[in-house]
Every structure is written in structure tokens, then in C-alpha cells.
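Bear in mind that the values in this text are calculations on the coordinates, not laboratory data. These figures come from a predicted structure and were not determined experimentally. Reconstructed Cβ throughout: ideal geometry from the backbone, glycine too, with neighbour counts over all protein chains shown.
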Amino acid sequence: MAMATIWASKVRSFLTMLGIIIGIAAVIILVSLMGGLTQQLTDMFDDLGTNTIQVAIMSRAETKKVDPDEMYEFLDENKDLFEDVSPNISVSGTIKCGTENESGTATGVSEGYADMKRLTVEQGRFIQYSDIMNISKVCVIGTYQEQNFFGKGNALGQTLKINGTVYTVVGVLEEKEDSTSGSGDDAIYIPYSTAIKMNKNSTVSSYILTAVDEDRITETTAVLKQFLNQKIGDEDYYQVISMKEMIDQMTTMMNSMQTVLVCIAGISLLVGGIGIMNIMLVSVTERTREIGIRKSLGAKQKNIMMQFVIEAGTVSCIGGVIGIIFGSLVSIGAGKLLLDSLIAPSVVSIIVAFTVSVAIGIGFGYLPAKKAAQLNPIDALRYD
Amino acid sequence: MPPLVELKDVYKIYKMGDSEVHALDGISLTINKGEFVAIIGKSGSGKSTCMNIIGCLDVATHGTYKLNGKDISNYTDDELAEVRNKMLGFIFQQYNLLPKLTLLENVALPLLYAGLSDEEQKERALASLEKVGLKEKAKNLPSQLSGGQQQRASIARALAGHPSVILADEPTGALDSRTGREVMNFLQQLHREGNTIVLITHDNSIAAQAERVVRITDGKIVYDGPAEGDEIVSKQEKAGAGE
Ligand SMILES: Nc1ncnc2c1ncn2[C@@H]1O[C@H](COP(=O)(O)OP(=O)(O)O)[C@@H](O)[C@H]1O
Ligand SMILES: [Mg+2]
């Protein structure tokens, strides 16, 4: 019967529902898009390794530096906290191979770097300990360099020149992205000892470490900072960034942003609820005579209450369902368009949205329903 | 056995700003089971107010009202609803059928509020419609019927709950004289079957068809007796108005 009444005034019912539809859809869209975005960022950080810690040293002074040897020593003393360490030395300049000539960067790293960064060697091998000891002129390249300089599968054993020095390609990494310049596949790794030499024996200003336990990251970075403080003395001259802490910060930020956005959407729901209350009050006035007739035939207050509460509940419930469908479609579409990934609106948010819309209908329908139920039958019958 | 309806010194006073309107000004009236009573009076004399009090739609300002021996003055809204549902059947001048419900649903409404099962509601509502000759129209909406048919449907609704008293407020008021007569014949038939009927009208010729006439003027009973005796009072009133 409630359905019949709603259908009888389709346009009005739809306009009444609009507030609920928009509110619910907004909540669903925001929650799923924020969820998708957070997920994507987390995945991205995961790829970089959530247990990695980067150290950057800004001082140039000879006394305020950390040698690779000192770093390895520190690692040995803290085996319970740190898994591995690698210097990270950029050598920028020209990369030349045959007639090809371009500017680029080679990175000097240790033999453990591939595991730390989850790099997989597809052909040949990665930098080895002996390469570092011997200051060998060998390099491991990404698929961009492979395809650009040598052609697929032809790189191993070939040579290229970095700032004029000839390097032998000993390994090619697995393709990560699309083998284009600037992508994850654009990389040249050389032994860090060779890189130091290339940079005219300058000090190492950047390290990458991996922590044993992500959950003890605060303690781990604290120990690292204490060591760096001892070596460098001044906090302003070095920086420690842990991925895990960055992710945590980002997640906290995303969550508070989501809360704010959902609150704003909640206001729309509130407005929708008030719309329902308003339309129900109008409906009660319009149907005063009907209420009088029903009461004259023996309807009790609860019968009239139920009739109007169910009607309000049905309106907001239908609005909620439309909002959920609409919101889900938009989330999926926007997810494909903006984040290029499939976002499924969470079941929890759908259940919550539905419950909220029913509650709004009943909550805001209650007052008009009560007003209807308490009408005096004789006044109601006389009403025109 | 107590009388079905017993009004004792009933007043209904409306306060309009500083002045008071005595819609009922000390009415005492007793109606027994099986009677056919017409309450007659000019417009504004207080007939509807009287019927509303008898029908438990309204409560008196002072005085007592006993329905079937029970004083209902202190009943709550819901208790009064139950009394109306179980004991009273209303027939209104404007039919008061719900326009969006079919005849069957309209007639079943009091049974719904009485808490009967769906099948029982349907069965009794159909029986009631059959009694007024509208069984074939059960699925129709009120707007698809003539005025006389709608009034018959409202009679079917009043009968559906097997009430102790049928209250009809100007049931022929909105009908032409021929369909009005049909409705009156029907009420007389119900009376012969043993129903108690209280009919409200301003029309002498309709009141004359009841066995007992109660005439109200300015909220007071000025005549209560057989229909024949009322003619004299009615003439006196006319003469009084002419002065
Ligand atoms: N709710 C009300 N408020 C004020 N006055 C009323 C109200 N209901 C009825 N009256 C007055 O009471 C008197 C009797 O009314 P009513 O019983 O409807 O008369 P009738 O049905 O005989 O025409 C009239 O004078 C009317 O104006
Ligand atoms: Mg009247």
C-alpha cells in the first residue's frame, strides 16, 4: 500500500528521494574511490619495498661522512634490526653505445641491492661481491637500454660507454613496465666501488637499508639515527626516510580526508532526511480526511503511525537503493577512468548506506507519523 | 439489559474567543436495541455533534454517555477506536470511501483494524458487498461508481463489522430523491432484520420513515416520540420562524 501511495505521486516522491540518492551515492563513491586510491598508493609503495629505509647525507665535509665500510660494520652490529644495506651512488653523464648517444644516469649499488629492491635478473647475473672488490667495469641494464642499444636478447657480453669508460653488460633485468625511457625499465646498475671511482672518489651521500621487521620500524630508524648522529653530529646534515612511516602517514592523511568528505556527504543525507520529513508533513495534511476516516473505522494510533512510518521508510529505502546502484556504477566508471583499476564498492559501505537510508526514513518520518496518529478523528473528518 | 445508548445531561461547548457555543445544551437520550431513531433539526442545531458523541468520535464537555452500559468518558483515544471498530458502523453524507482503494479493500478496512485474517476479511467484505448488491463491483474504485452505489458501498462497510449501532449522518443528503429512497428502503430493511439505526436528517419526509423521531433545536431536544407527533412540532417551529 505504501508503494501505491508513492507511485501515485511519482514526481514528488522522486524529488523527495533525490537528497537521499545523492547523499548515499556520494558516500559510496567517496569511500570506494578513496579506498581505491589508498590501495593503489599502498601497492606502489609495496613495490618499492615497505621495509626500505633511505638515508641521505647532505654534508660535504671530510669529517662528517659515512663510508660504506662503516655502514657495513653498523649493520653487523645490528643484525636483529637490519637485513642489508647498499650505497646508492648516482653517476650522471652520457651513455654511449655504438652510434647511440644519450644523457643518463648509472647507479652504483652493492650485490644485495637486487634483493632489497625486489629486482629480478632475466638474463645473466646481477652485480656480485667480487665486482665490488675488483672495482670491475660491469653493468646490469634494464630492458629500455637492452632494446634501445642492442635489440632484445642481444645485450649480454656487449659493451657500452658511461662518461667514456667502457662497461660490459653482465645482466639484463626483467621488464617491469613498458621498456620506455624514464620508466622503471630505464636503469643501469654498476658496482658501487666503481661508481665512487667514477665520481672522483667523492663520499657516499646516499644509502638504502632494509629493516628486518616492519612493525619495529620506529625503533629501527631510531637506532639508525643514533648511529648517524654519532658520525655526523648534526641532525640537519642527514635525513632518514622509511617507506613504512611514509605509508603510515599517507594512510592517516587519506583516512582523515575520507572522514571529512563522508561528513560532507552526510550533510546531504541530513538534508534528504529533512526533505522526507517535509514531504511527509505535507502528506499528513493532505490526507487528514483519510486519517479521520481510518480512525472512525477503528484504526488505532499505532496503525496510523505504521502506515506513515512505512511510507517514509519505503521512500528513503528506494532512494537508498537507487543511490547505491548509481554510486556503485559511478565508482566503477570513475575507477576505470581516473585510477585505471577496477574498484568494487565495499560491501560494508553498501550495508551501512542502506541501513542509514532506512534509518533516516524512519527517523524523519516518525514526527509526521506521530502527528498523523494523534489527529482527533472528528477534526480530521471535518477537514477539507 | 442496559439500553444501548444512554446520554444523560450532555453538553458540548465550543469556546470561540470570549463567547461560547453550546452545540449540545443538556441532552438526555436513551436508545434501545432494535430501534430506528431519526434525529432531526435545522442546520446548525447540533445533530452532527450529537451523532459524533454517540459515535465516540468526540467526547462531551459534561454529562455522561454510556454505550451498552459502559461509561466511555474516560476512554483513551485507542480504546475509543476499539469501541468504534467493534460496536459502531458509520454512514456519512459524503460516503467517505478511500478513493485509492477498491470497494473490497474499503469494506475490509474495519475488519483489518479488527485484526481478522486476510481470508476472513475478504470473505466478510464480499458477503457485505453482496448484501448491498455490489459484489460484482468489488474490484472497482469508488470513482467508477455512481453516488447511490458509493453510498451502498459505505453501508456495506458499516455492516461489515456487525456493529451494535448503525449511525447515518444525512445519508441521502448528496443523492437525488430516487436513489435517496433506495437507500432509505435499505435502511428500513436493515431495521427489520433487527439492527439498531440512528439516522440524522434535516428532511421531515425522511425522518417520517423512522419509528421514533428526536427533534433538536439549538442543542436541546424539543420533541422525542413517534414520527406522527413530530409533524405538529415541526409546524409549530415553522410558525415560530414566521413570526
Ligand atoms: N469544531 C467546532 N468549533 C466551533 N463550533 C462548532 C464546531 N463544531 C460545531 N460547531 C457549532 O456547533 C453547532 C452545531 O453544529 P452541528 O452539530 O454540525 O450542526 P448540524 O449537524 O445540526 O448542522 C453549530 O453552531 C456549529 O457552528
Ligand atoms: Mg451536520
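So the values come out like this:
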quantity: Derived scalar couplings ³J(HN,Hα) [region A:184-201; Karplus, 6.51 cos²θ - 1.76 cosθ + 1.60; whole Hz; x for Gly, Pro]; calculated: x, 9, 9, 7, 10, 10, 10, x, 5, 5, 5, 5, 4, 5, 4, 8, 6, 6
quantity: Nearest 10 degrees, 0 to 90: helix B:118-131 Cα axis against chain B principal axis; calculated: 60 degrees
quantity: Peptide ranges B:118-127, B:48-57 listed from the most packed, as the mean C-beta count within 10 angstrom indicates; calculated: B:48-57, B:118-127
quantity: Helix B:227-242 vs. chain B, principal-axis angle (Cα, 0 to 90°, nearest 10); calculated: 60 degrees
quantity: Long-range HN-HN contacts of B:THR196 with modeled amide H, under 5 Å; calculated: B:GLY34, B:ILE166
quantity: Residue range of chain A that is longest and free of GluC sites (Glu not before Pro) which are both DSSP loop and sparsely packed (at most 16 other C-beta within 10 Å); calculated: A:178-384
quantity: Interchain or long-range residues, amide H under 5 Å from B:LYS12's placed H; calculated: B:ALA23, B:LEU24, B:ASP25, B:GLY26, B:THR61
quantity: Inter-probe distance in nm under a simple model that places probes 7 Å from Cα toward Cβ, at B:ASP176 and B:ARG192; calculated: 2.6 nm
quantity: 12 Å beta-carbon shell around B:ARG157, net charge (K/R +1, D/E -1); calculated: +3
quantity: Cα centroid separation, region B:137-163 to region A:311-343 (Å); calculated: 46 Å
quantity: Other-chain or far-sequence residues with amide H under 5 Å of B:THR64's (modelled H); calculated: B:LYS8
quantity: Phi-based couplings in Hz for region B:91-103 (Karplus 6.51, -1.76, 1.60; Gly and Pro marked x); calculated: 10, 9, 4, 8, 6, 6, 7, 7, x, 8, 9, 6, 4
quantity: Among A:THR285, A:THR52, A:THR105, residue whose mean-square fluctuation peaks in a GNM of chain A (springs only between Cα atoms under 10 Å); calculated: A:THR285
quantity: Footprinting exposure proxy for A:ILE188, A:ILE360 (fewest neighbouring C-beta atoms within 10 Å first); calculated: A:ILE188, A:ILE360
quantity: Distance (nanometres) between label positions extended 7 Å along Cα→Cβ at A:ILE325 and A:GLU286; calculated: 2.4 nm
quantity: Pairwise centroid distance, computed over Cα atoms, of region A:88-127 with region A:360-384, Å; calculated: 78 Å
quantity: Spatial separation of Cα centroids for region B:166-185 and region A:70-85, in angstrom; calculated: 105 Å
quantity: Sequence of B:ILE39, A:ILE274, A:ILE29, B:ILE206 once ranked by neighbouring C-beta atoms within 10 Å, starting from the fewest; calculated: A:ILE274, B:ILE206, A:ILE29, B:ILE39
quantity: Under 15 Å, Cβ to Cβ, from A:PHE150 - net charge with Lys/Arg +1 and Asp/Glu -1; calculated: -4
quantity: Residue-averaged beta-carbon neighbours from other chains (10 angstrom radius) around B:84-92; calculated: 3
quantity: Modelled FRET efficiency - R0 45 Å, B:LYS235 with B:GLU123, Cβ distances, 0.05 increments; calculated: 0.35
quantity: Net charge contributed by nearby residues that have their C-beta within less than 10 Å of B:SER45 (K/R +1, D/E -1); calculated: +3
quantity: Axial C-alpha extent at least 20 Å, average Kyte-Doolittle at least 0.5 - helices from chain A (DSSP); calculated: A:10-48, A:243-286, A:301-334, A:347-373
